Amino acid sequence: MNLPNKLTVLRVLMIPFFVAALLWDNGGSRTLRWAAALIFVAASLTDFLDGKIARKYNLVTNFGKFMDPLADKLLVCSALICLIQLGQLPAWMVIVIISREFIISGFRLVASDNGVVIAASYWGKFKTTFQMIAVILLIVDIRALKTVTDICVWIALALTLISLADYLKKNYKILTEGSM
């Protein structure tokens, strides 16, 4: 197993520790919330590193192509679901975000069956960046940053919808025309 794949596996293995730290005492421990934030940041950095290393050293594998996006979704969805439990995010908002992920994954699966690769768009990358920033701000839950946190959450939601519309617009033929 190459280094990028090990980083991806590490990201998945970090998720239970992240969830445990965040939800311990129903999120009441400030120390463990900061620990959860650090784990989330470290896991997010592995996402950046594994792709960069895989592309730079030509270490792209089928395992990585499958597991990397799955690991990202597991990490972000775990965080969002925990934040519902802690009363920091409304369930409808998380449902919208997670639904977008399912729709894009479905599009990619159909495209792959037709020999088409759907690369991440700039909108998707901006969405991911704001989601990660919003999640970190929500985890640390600093009152002085509440307005900034709320703005980041709403920007992340808007970018979720914009990136979904962008994917649908650019790739609707995959579903309507079948094999390309």
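The values are calculated or read from the model by the stated rules, or taken from the named source; none is laboratory data. Not measured: the values here are computed from a predicted model. With ideal geometry, Cβ positions are generated from the backbone for all residues, glycine too; neighbour counts draw on all protein chains shown. Ligands, DNA and RNA are excluded from the accessible area calculation, which covers all protein heavy atoms including side chains. Shrake-Rupley method; radii C 1.70, N 1.55, O 1.52, S 1.80 Å.
The C-alpha atoms of the chain define a longest principal axis, and helix 62-85 lies at about 30 degrees to it. Charge tally around residue 117: other residues with Cβ under 15 Å, Lys/Arg +1 each, Asp/Glu -1 each, net +3.
Pairs from the table (6/65; 52/169; 65/125) lying more than 25 angstrom apart at Cα are 52/169. Residues of region 4-28 with an amide N closer than 12 Å to a point placed 7 Å from the Cα of residue 57 along the Cα-to-Cβ direction: 4-7. Between residue 101 and residue 158, the modelled labels are 2.3 nm apart [label points 7 Å from Cα along Cα→Cβ]. In this label model, residue 119 and residue 176 are separated by 2.4 nm, measuring between points 7 Å along each Cα→Cβ vector. Helices in the chain, meaning DSSP H runs of at least 4 residues, each add -39500 (n - 2.57). Divided by all residues, the mean residue ellipticity at 222 nm is -28500 deg cm²/dmol. Among 130, 18, 107, the largest mean-square fluctuation in a Gaussian network model of the chain, built with springs joining Cα atoms closer than 10 Å, belongs to 107. Using a probe of 1.4 angstrom and keeping all protein chains present, the accessible surface of the chain works out to 57 square angstrom per residue.
Relative to the dominant Cα principal axis of the chain, helix 3-23 is inclined by about 40°. The apolar share of the surface of the chain, taken as the fraction of accessible area on carbon and sulfur atoms (1.4 Å probe, ligands and nucleic acids excluded), comes to 70 percent. All C-alpha pair distances within the chain, sorted into 10 Å bins from zero, spread as 9, 34, 35, 17, 4, 0 percent across the bins. Report the FRET efficiency, 1/(1 + (r/R0)^6), for residue 65 and residue 169, where r is their Cβ-Cβ distance and R0 is 30 Å, rounded to 0.05. Here the calculated transfer efficiency is 0.80.
Please work out how much length the chain gains when fully extended from residue 148 to residue 85, using 0.36 nm per residue of separation minus the C-alpha to C-alpha distance, in nm with one decimal. Using 0.36 nm per residue and subtracting the Cα-Cα distance, I get 20.5 nm.
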